[in-house]
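First the structure, in the form of structure tokens, and then the observations on it.
The values are calculated or read from the model by the stated rules, or taken from the named source; none is laboratory data. Quantities reported herein were computed from a predicted structural model and do not represent experimental measurements. Here Cβ is always computed from backbone atoms with ideal geometry, including for glycine, and neighbour counts include all displayed protein chains. Each accessible area value is taken on the protein alone, full model and side chains, heavy atoms only, with ligands, DNA and RNA left out. Shrake-Rupley method; radii C 1.70, N 1.55, O 1.52, S 1.80 Å.
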Amino acid sequence: MHLYTPHMFFVILFFCLAAAAFPCSAAPADDGSVVYSTDFTNGDGWITNSKDRFYPEVETGRYHYLLEGGTGGYSAYALPQKVNGQFILEFDVTPEKTDDGSTFRFGIGTDKKDSQRGPLLMVELANKKDGRLFYLKTVSKENSLNLIGSSPSTGSSGSTVRFEDNTTYHVKLTYYAADSRASIVVQEQGSPDVIFTASAPVSGKMEDLTQLYLTSIGDGTSGPQAEGYIDNIKLTLPTSQAGVSAAVTTAEETADVTPAPVSTTTTARQTDEPTPVFTPGPTRTPFPLPPTPTPTQTQQSGSGFLILFPALAGGAILALKRYP
């Protein structure tokens, strides 16, 4: 009794080629875990010492804020775990009233909720002597401050970009632990264009972060108010430093990419005394798109094997008839 016959060769060849044509799909890369996400259909978990200034607005599904220096007002959310290492914090903000001398502040830090004491990574929309500017602020655990704003007068290398009331902005903060720096990317809601991006060093440790918060603690200027809404907050912890690397910019996006400026020295805080400034309309700058994690591509079979299958099947049948 022969265990091997010629027609068995064709059958084995057929199944080997079939297995090669349909390999197992690669599992998608683990881009990290979402530690916290909310669209403010309710304000569960948010604690404030001023409920008339900070509250969820059920009708619009947003969270109302009113920040005034000298009041010590805040609203905070205690995270389920300490954040150590790289992270990405995204949110939407809609300023509705930003008085001269006022500042919107939101970021991640500790239970001190102080805008001057680290560690913290924060976004500010400030209406100070340089006008209505976006700011990226880092304060290390050693309380070393770095601040860069959306104007050459405040450290930016691009054109001046000013925010406007009654406009919604999507803000993305990224902390690059391996590089000891942070970046900000700002877009108008619904637009793919980046209107402002910059990066700033973290001069020390950025660890043991436990709270997300809006705060006026650390601002001693009473009177001016910043009022509006915040929404769609998401905090993500990538599993690797590669998860927060900047995306490659394609030729379609821009032919001449301007690298995001990096502040190399500690920047003093802006004074609270406003001075008249000329305010042109918002200027868009062709910066690269936001840094986003890149998932692993799933393998796909080619169409050539689909054409080859009928021929293989026919060959196997002929072999079975020829070698019974």
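Of these, Leu121, Leu145, which one is modelled with pLDDT of 95 or more and open to solvent by less than 10 Å² (accessible area, probe 1.4 Å)?
Leu121
Is it the case that the range 152-168 has a residue that's free of Cβ contacts under 8 Å to residues at least 60 places away in the same chain, surrounded by 23 or more Cβ atoms within 10 Å (Cβ to Cβ) and closer than 22 Å to Phe91 by Cβ?
No, the range 152-168 contains no residue that is free of Cβ contacts under 8 Å to residues at least 60 places away in the same chain, surrounded by 23 or more Cβ atoms within 10 Å (Cβ to Cβ) and closer than 22 Å to Phe91 by Cβ.
Which one of these is aliphatic (A, V, I, L, M), crowded, with 18+ Cβ neighbours inside 10 Å, at pLDDT 95 or above and under 18 Å from the mean Cα position of the chain (by Cα): Ala198, Ala246, Ala226?
Just a single option satisfies the conditions, and that option is Ala198.
Say whether the condition of being within 16 Å of Phe104 (Cα to Cα) and in contact with a helix residue (DSSP H, G or I) (Cβ under 8 Å, 6 or more places away or on another chain) is met by at least one residue in the range 185-205.
Of all residues in the range 185-205, those within 16 Å of Phe104 (Cα to Cα) come to 186.
Checking the rest, the ones that are also in contact with a helix residue (DSSP H, G or I) (Cβ under 8 Å, 6 or more places away or on another chain) come to none.
Scanning the range 185-205, I find no residue that is within 16 Å of Phe104 (Cα to Cα) and in contact with a helix residue (DSSP H, G or I) (Cβ under 8 Å, 6 or more places away or on another chain), so the answer is no.
Step by step: first the residues of the range 31-70, then only those that are outside any strand (DSSP E or B) and β-branched (Val, Ile, Thr), then the one that is nearest to Asn127 (Cα to Cα). Which residue is that? Don't jump to the end; show me each part of the working.
Kept after step one, since they are outside any strand (DSSP E or B), are these residues of the range 31-70: 31-32, 39-45, 49-54, 58-61, 69-70.
Then keep just the ones that are β-branched (Val, Ile, Thr); that gives 41, 58, 60.
Values: Thr41: 30, Val58: 28, Thr60: 26 Å.
Per the criteria, the residue is Thr60.
Of all residues being in contact (Cβ under 8 Å) with a residue 60 or more places away in the chain and in contact with a Ser or Thr (Cβ under 6 Å, 6 or more places away or on another chain) in the range 29-67, which is most open to solvent (accessible area, probe 1.4 Å)? Just the residue, please.
Filtering first and then ranking leaves Asp30.
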